[in-house]
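Asks: Take a look at the following structure, please.
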Amino acid sequence: MLGPLLHHFSRRDRTESASDTTDETERESEDDSLRRWPWLLFTLSLFAVYHTRLRPWHRRWGTTPREAVGTLPGDEFLSEPADRVTHAVEIDATPGAVWQWLVQIGQNRGGFYSYDVLENLVGADIHTVDRIVPEYQNLSEGDVVRLAPEDYPVSRPDSAPEVVRLEEERALVLRPPVEGETWVWAFVCRETDDGTTRLVARISSPAPSSRLEAVVGYLFWEPAHFVMERKMLREIKRRAQRWGETEGESVDIEASRR
């Protein structure tokens, strides 16, 4: 009798102990859930602000409503893009003064007037020039404008864009020479009635090839493109406004920032 009785009470103690442990685990789980809710709400709020406020703003930074949705040179190379981002800046200079800086762009040319340090961190080997270089002024349709060195490890040999449309002092359109739909990068100079120049940059892209590509584009490439292109447009503006139309003259970049 004693053995079964001891076994009965021992089993009941174990059951009660297990029940207590389960209750404690459930309470801890509930506490963890409660602690996670504020962070989840905070994250969702940040996402909502970015998606509804910041993203629309940086995708059309500097543009007028007409520029943001209107037709520009280069649109004909991708008539139905899945995505189109347009940025612009107004420059107190003639289209000719702006053009001489714009036409120099390229990895093995005048650089991109953006954050060279960031571009070189990924091996792009960009070195922005601080003067008008005569040999960089002669750009023609069919010429290659490299974004990175020819032997860049993560790019295809045919990924470097070519000039597919060039109108002196008005339009420069770049597109990689690949079959099918691909991205198009256009720069347009428009003289205003006030004698200033609107420099408009637009990049048009086809639909992403995968869900991962879409997510990476949304979270990384879109904001990165905005940061780099905004810097580029502002630096072209700074140079064109300070020096007008020059040739071969060195530009004091630090002085222009004061």
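The values are calculated or read from the model by the stated rules, or taken from the named source; none is laboratory data. Keep in mind it's a predicted model, so treat the numbers as computed, not measured. We place every Cβ from the backbone using ideal geometry, glycine too, and count neighbours over all the protein chains shown.
Asks: Go through the stretch 192-234 and give me each residue that's touching a residue at least 60 places away in the same chain (Cβ under 8 Å) and among the charged types (D, E, K, R).
Replies: Result: ARG198, ARG202, GLU222, GLU229, ARG230, LYS231, ARG234.
Asks: Mind checking which residues of the stretch 118-141 are more than 27 Å from GLN241 (Cβ to Cβ) and charged (D, E, K, R)?
Replies: ASP125, GLU141 - these are the residues of the stretch 118-141 that are more than 27 Å from GLN241 (Cβ to Cβ) and charged (D, E, K, R).
Asks: Another question about this same structure. Across the stretch 205-217, what is the total count of residues that are in a helix (DSSP H, G or I) and surrounded by 15 or more Cβ atoms within 10 Å (Cβ to Cβ)?
Replies: Initially, the stretch 205-217 is screened for residues in a helix (DSSP H, G or I), giving 211-217.
Keeping just the survivors that are surrounded by 15 or more Cβ atoms within 10 Å (Cβ to Cβ) gives 217.
Going through the stretch 205-217 one residue at a time, the tally reaches 1.
Asks: Would you check if there is a residue in the stretch 110-129 being closer than 22 Å to TRP221 by Cβ, part of a helix (DSSP H, G or I) and β-branched (Val, Ile, Thr)?
Replies: Going through the stretch 110-129, the residues closer than 22 Å to TRP221 by Cβ turn out to be 111-126, 128.
Narrowing the set further to residues that are part of a helix (DSSP H, G or I) leaves 116-121.
From the residues that got through so far, the ones that are β-branched (Val, Ile, Thr) too are 117.
Yes, some residue in the stretch 110-129 is closer than 22 Å to TRP221 by Cβ, part of a helix (DSSP H, G or I) and β-branched (Val, Ile, Thr).
Asks: Additional query: Can you tell me which residue among GLY142, GLY106 is under 23 Å from ARG238 (Cβ atoms) and small (Gly, Ala, Ser)?
Replies: Values: GLY142 fails: under 23 Å from ARG238 (Cβ atoms).
Exactly one residue qualifies, and that residue is GLY106.
Asks: Just to check your reading of the model, which residue among LEU118, LEU102, LEU147 is surrounded by fewer than 16 Cβ atoms within 10 Å (Cβ to Cβ) and either of a type in the set (A, V, I, L, M, F, W, C) or touching a helix residue (DSSP H, G or I) at 6+ places or on another chain (Cβ under 8 Å) (or both)? Quick ask: steps written out before the conclusion?
Replies: Working: LEU102 fails: surrounded by fewer than 16 Cβ atoms within 10 Å (Cβ to Cβ); LEU147 fails: surrounded by fewer than 16 Cβ atoms within 10 Å (Cβ to Cβ).
One residue alone meets the criteria, LEU118.
Asks: Across the stretch 159-173, what is the total count of residues that are without any contact (Cβ under 8 Å) to a residue 40 or more places away in the chain and part of a loop (DSSP other than H, G, I, E, B)?
Replies: Step one: filter the stretch 159-173 for residues without any contact (Cβ under 8 Å) to a residue 40 or more places away in the chain, giving 159-163, 166.
Keeping just the survivors that are part of a loop (DSSP other than H, G, I, E, B) gives 159-161.
Result for the stretch 159-173: 3.
Asks: Can I ask one more? Given the criterion assigned to a loop (DSSP other than H, G, I, E, B), of a type in the set (Val, Ile, Thr) and at pLDDT 55 or above, identify the matching residue among THR25, THR52, THR43, THR71.
Replies: Numbers: THR25 fails: assigned to a loop (DSSP other than H, G, I, E, B); THR52 fails: assigned to a loop (DSSP other than H, G, I, E, B); THR43 fails: assigned to a loop (DSSP other than H, G, I, E, B).
The conditions single out THR71.
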